[in-house]
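The values are calculated or read from the model by the stated rules, or taken from the named source; none is laboratory data. Please read these numbers as outputs of a predicted model, since none were measured by experiment. Counting neighbours? That spans all protein chains shown, and the Cβs are built from the backbone with ideal geometry, glycine included. The accessibility values were calculated without ligands, DNA or RNA, using every heavy atom of the protein model including side chains. Shrake-Rupley method; radii C 1.70, N 1.55, O 1.52, S 1.80 Å.
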Amino acid sequence: MTRLTGGALRVTVFIGENDTWHHKPLYREIVHRAHAAGLAGASVFRGIEGFGASSLIHTSRLLSLSEDLPVAIVIVDTEERVRAFLPQLDELVTEGLVILDECEVIRYAGRADEPGASDRKGKRSL
């Protein structure tokens with residue numbers, strides 16, 4: 001398991017919900033590649049309204065535009081590991097925004113790190 005505390009780098013990728021990679025959601029490809037690269041974690045957040053370089057507002061309030069809502073993928077790990085992953089993002093993200101922020105990790109623990117937590121098969125460990 002990856003241990004992560006102290007200084008880290010956060011990469012946030014802003015794309016559209018309908019963006020794809022080989023006919024699959026782009027956000028899914030990014031998360032799976034981050035996992036394969038051994039990064040500490042990745043989460044996808046669906047926005048309710050936003051606009052980007054095209055200046056077209058996408059919102060969940062208008063039925064006709066609610067099909068391509070903004071999506072943010074957030075990945076946090078050490079600077080070295082995040083920067084090593086950036087070439088993959090460069091390959092995948094042809095339209096969107098990728099930002100890097102320095103951050104500090106206060107606590108990073110998985111369920112398996114806690115007594116009585118569930119393992120991958122849903123069984124309780126003692």
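Normalised by the number of residues in segment 1-109, what is the relative contact order in percent for Cα pairs under 8 Å and 6+ residues apart? Don't skip to the answer; put the middle values down first.
On the way: 196 pairs, mean separation 49.7, N = 109.
About 46 percent, as a whole number.
Computed over the Cα atoms, what is the radius of gyration of segment 5-107 divided by 2.2 N^0.38 Å, N being its residue count? Don't jump to the answer; show the numbers that get you there.
Details: Rg = 14.2 Å, N = 103, 2.2 N^0.38 = 12.8 Å.
That ratio works out to 1.11.
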Original post:
So, by mean Cβ neighbours within 10 angstrom, what's the order for 17-29, 74-86, 47-59 with the highest one leading?
Top reply: 74-86, 17-29, 47-59
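Over the residues of segment 1-49, compute the C-alpha Rg and express it relative to 2.2 N^0.38 Å.
Details: Rg = 12.7 Å, N = 49, 2.2 N^0.38 = 9.7 Å.
That ratio works out to 1.32.
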**OP:** Enumerate the calculated ³J(HN,Hα) couplings along segment 36-42 in order (Karplus 6.51 cos²θ - 1.76 cosθ + 1.60, θ = phi - 60°), each rounded to whole Hz, writing x wherever the residue is Gly or Pro.
**Re:** 4, 7, x, 5, 4, x, 8
**OP:** Quickly work out the Asp101-to-Thr5 label distance, labels modelled 7 Å from Cα along the C-beta direction, and quote it in nm with one decimal.
**Re:** 2.3 nm
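Send over a whole-number figure in Å² for the accessible area per residue of segment 1-51, probe 1.4 Å.
Working: 3190 Å² over 51 residues.
Averaged over the residues of segment 1-51, the accessible area is 63 Å².
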